[in-house]
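Here's the structure we're looking at; comments come further down.
The values are calculated or read from the model by the stated rules, or taken from the named source; none is laboratory data. Remember, predicted model here, so these are calculated numbers, not experimental data. Glycine gets a Cβ as well: all are built from the backbone with ideal geometry, and neighbour counts include every protein chain shown. Keep in mind that these areas ignore ligands, DNA and RNA; they rest on the heavy atoms of the full protein, side chains included. Shrake-Rupley method; radii C 1.70, N 1.55, O 1.52, S 1.80 Å.
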Amino acid sequence: MVGLSEGEQEFIKGGIAQDLRSDGRKRYTYRPIYVETGVIPQANGSARVRMGSTDVIASVKAELGRPSAMQPDKGKVAIFVDCSPTAEPTFEGRGGEELSAELSSALQHCLLGGKSGAGAGIDLSSLVVVEGKVCWDLYIDGLVISSDGNLLDALGAAIKAALSNTGIPSVHVAAEAASDEQPEVDISDEEFLQFDTSGVPVITTLTKVGKHYIVDATLEEESQMSSAVSISINRQGHICGMIKRGGVGLDPSVILDMISVANFVSRQLMDKLDSEIAAADADEDES
Amino acid sequence: MANFSTGDRMRKPKGDRRSTEISLVIRQTMEACILTHLMPRSQIDIFVQVLQADGGTRSACINAATLALQDAGIPMRDIVTSCSAGYLNSTPLLDLNYVEDSAGGPDVTVGILPTLDKVTLLQMDAKLPTNTFEDVMQLAIEGCKAVANYIREVLLENTKQLECRRGL
């Protein structure tokens, strides 16, 4: 991205202070969001989300594996993000690794629970096949195709849409096996179980520029931020995860205020996202 | 290549051998036809992102690179189009998909400059008798010419739209 001049920087900060951003939006308005599902037929589920010029694809692939010894009744989920050099030439080779790692760990914080597996936004117990022996491993891969700010929200939305599009094949377990043997499983090609995504949270990032917070920052606005707080909230209004980025310290009262703003804004995002996902699924069914 | 592009998920999306090989092939093919002497002291970066690999990946990459270069207005000797062909059950087949490619028959990838009628890329794996090879290569070249016609139509359509938008 080309550097901004002093005048341009003041213009962005001043606009945000007056609730009129460079592209005409108000502080708490998102850019138009487009969702397409089923873009990668080879994957179990996939979705593409566009917020303005930010374009990301998320895909879900399911493989059979062993559950971990500490949580034998839960499946496993791994989230990995890759930044494509088509988004920024600097992402070529290992250039995008830092951003990819930051996004991957942020998504893991927001969507998956703590080390004990408690409080996960995604319900892992629906992924188990034979308790203690066989479970589904979900590999969620995010790909950033075009970057214009607010990657975390777009990736969160894409993952939610991809999960709603995911079909896990039903598995028939063969007759009783000895307790320390792997049971034989037969993966059906015909029947699929739709993944339940009503509990999956949505990530809202609030970027603080000067004294005010904005939602859905573009790359230019992000360059002027002092700090950003990303909060994942589910339909019940519970907070599933939170990350603060940026070097400037925040007063605790500011953070509490940001949480209540995020609560309000995420309602709109969730409704918009649910209607877009439903429309995308309907389009897919028709074609 | 993306993590999810192949049937079994790839662990490391960058720097794996297949990506490096396809990158090298694209670079050599494009270097032959871009008029680099018209742009001294500059570097052209071509980034190709594979979303799904289902046979004919390097051909799709070359065709995409050609379209992107034309869209960018980079001066080239001619467009480069590419297509693959194979030979299964005593029949030459055009544009193999992943299943057909894994059947063990030969896979010939050809890249041509259609107007100048010159071959810039020719790769083959597995064995093929020489006269059958000629048939398969001819088929691939015809495939390339068909792709070239389609690409030219798309580029013409794009230019007409640009003309409209500029009010010409």
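For region A:49-60, filtered to residues that are open to solvent by 10 Å² or more (accessible area, probe 1.4 Å), on the phi < 0 side of the Ramachandran plot and not polar (S, T, N, Q), the residue that is nearest to the other protein chains (Cβ to nearest Cβ) is A:Asp55.
Only residues that are in contact (Cβ under 8 Å) with a residue 60 or more places away in the chain, out of contact with any Leu (no Cβ under 7 Å at 6 or more places or on another chain), within 14 Å of chain B (Cβ to nearest Cβ) and under 26 Å from A:Ser126 (Cβ atoms): list them for region A:79-111, please. Hit for region A:79-111 is A:Phe80, nothing else.
Any idea which of A:Glu98, A:Glu88, A:Glu63, A:Glu102 is closer than 26 Å to A:Gln42 by Cβ, among the acidic types (Asp, Glu), open to solvent by 20 Å² or more (accessible area, probe 1.4 Å) and modelled with pLDDT of 80 or more? Working first, answer last.
Details: A:Glu98 fails: closer than 26 Å to A:Gln42 by Cβ; A:Glu88 fails: closer than 26 Å to A:Gln42 by Cβ; A:Glu102 fails: closer than 26 Å to A:Gln42 by Cβ.
Of the residues listed, the single one that is closer than 26 Å to A:Gln42 by Cβ, among the acidic types (Asp, Glu), open to solvent by 20 Å² or more (accessible area, probe 1.4 Å) and modelled with pLDDT of 80 or more is A:Glu63.
Restrict the check to region A:35-48 and report whether at least one residue is within 19 Å of A:Val128 (Cβ to Cβ) and surrounded by 15 or more Cβ atoms within 10 Å (Cβ to Cβ). Yes, that holds for at least one residue. Pairs linking a residue in region B:32-47 that is within 14 Å of chain A (Cβ to nearest Cβ) to a residue that is among the β-branched types (Val, Ile, Thr) and assigned to a loop (DSSP other than H, G, I, E, B), with Cβ atoms under 7 Å and 6 or more positions apart or on different chains, are B:Ile44/B:Ile74; B:Phe47/A:Thr86. Could you tell me whether region B:80-90 includes any residue that is open to solvent by 10 Å² or more (accessible area, probe 1.4 Å), over 16 Å from B:Thr29 (Cβ atoms) and either assigned to a strand (DSSP E or B) or touching a residue at least 12 places away in the same chain (Cβ under 8 Å) (or both)? So far as region B:80-90 goes, yes, one or more of its residues are open to solvent by 10 Å² or more (accessible area, probe 1.4 Å), over 16 Å from B:Thr29 (Cβ atoms) and either assigned to a strand (DSSP E or B) or touching a residue at least 12 places away in the same chain (Cβ under 8 Å) (or both). The residues on offer are A:Ser68, A:Ser22, and the sole one that is over 19 Å from A:Asp141 (Cα atoms), open to solvent by 60 Å² or more (accessible area, probe 1.4 Å) and either away from chain B (no Cβ under 14 Å) or touching a His at 6+ places or on another chain (Cβ under 7 Å) (or both) is A:Ser22.
The residue of region B:2-18 that is farthest from the other protein chains (Cβ to nearest Cβ), among those that are crowded, with 18+ Cβ neighbours inside 10 Å and of a type in the set (S, T, N, Q), is B:Ser5.
Restricting region B:48-78 to residues that are within 14 Å of chain A (Cβ to nearest Cβ), in a loop (DSSP other than H, G, I, E, B) and not β-branched (Val, Ile, Thr), which is least open to solvent (accessible area, probe 1.4 Å)? Going through the qualifying residues, I end up with B:Ala53.
Here B:Leu139 qualifies as open to solvent by less than 60 Å² (accessible area, probe 1.4 Å), over 12 Å from the mean Cα position of the chain (by Cα) and hydrophobic (A, V, I, L, M, F, W, C).
Residues of region B:5-31 being part of a loop (DSSP other than H, G, I, E, B), touching a residue at least 12 places away in the same chain (Cβ under 8 Å) and closer than 17 Å to A:Pro85 by Cβ, which ones? Please lay out each step first, then the result.
Step one: list which residues in region B:5-31 are part of a loop (DSSP other than H, G, I, E, B), which gives B:5-16.
Still in the list and also touching a residue at least 12 places away in the same chain (Cβ under 8 Å): B:5-7, B:13, B:16.
Across region B:5-31, the qualifying residues are B:Ser5, B:Pro13, B:Asp16.
Kindly establish whether A:Glu63 is acidic (Asp, Glu), at the interface with chain B (Cβ under 8 Å from one of its Cβ atoms) and in contact (Cβ under 8 Å) with a residue 24 or more places away in the chain. In short, yes. Among strands (runs of 3 or more DSSP E) entirely within region A:125-201, having at least 1 residues that are modelled with pLDDT of 80 or more and more than 19 Å from A:Val39 (Cα to Cα) singles out A:134-146. Assess whether A:Ser275 counts as being surrounded by fewer than 17 Cβ atoms within 10 Å (Cβ to Cβ), free of Cβ contacts under 8 Å to residues at least 12 places away in the same chain and not acidic (Asp, Glu). Criteria met by A:Ser275.
Residue by residue through region B:35-67, note down the ones that are of a type in the set (A, V, I, L, M, F, W, C), closer than 28 Å to B:Arg9 by Cα and more than 12 Å from the chain's Cα centre (by Cα).
Kept after step one, since they are of a type in the set (A, V, I, L, M, F, W, C), are these residues of region B:35-67: B:35, B:38-39, B:44, B:46-48, B:50-51, B:53, B:60-62, B:64-65, B:67.
Narrowing further to those that are closer than 28 Å to B:Arg9 by Cα: B:46-48, B:50-51, B:53, B:60-62, B:64-65.
Across region B:35-67, the qualifying residues are B:Ile46, B:Phe47, B:Val50, B:Leu51, B:Ala53.
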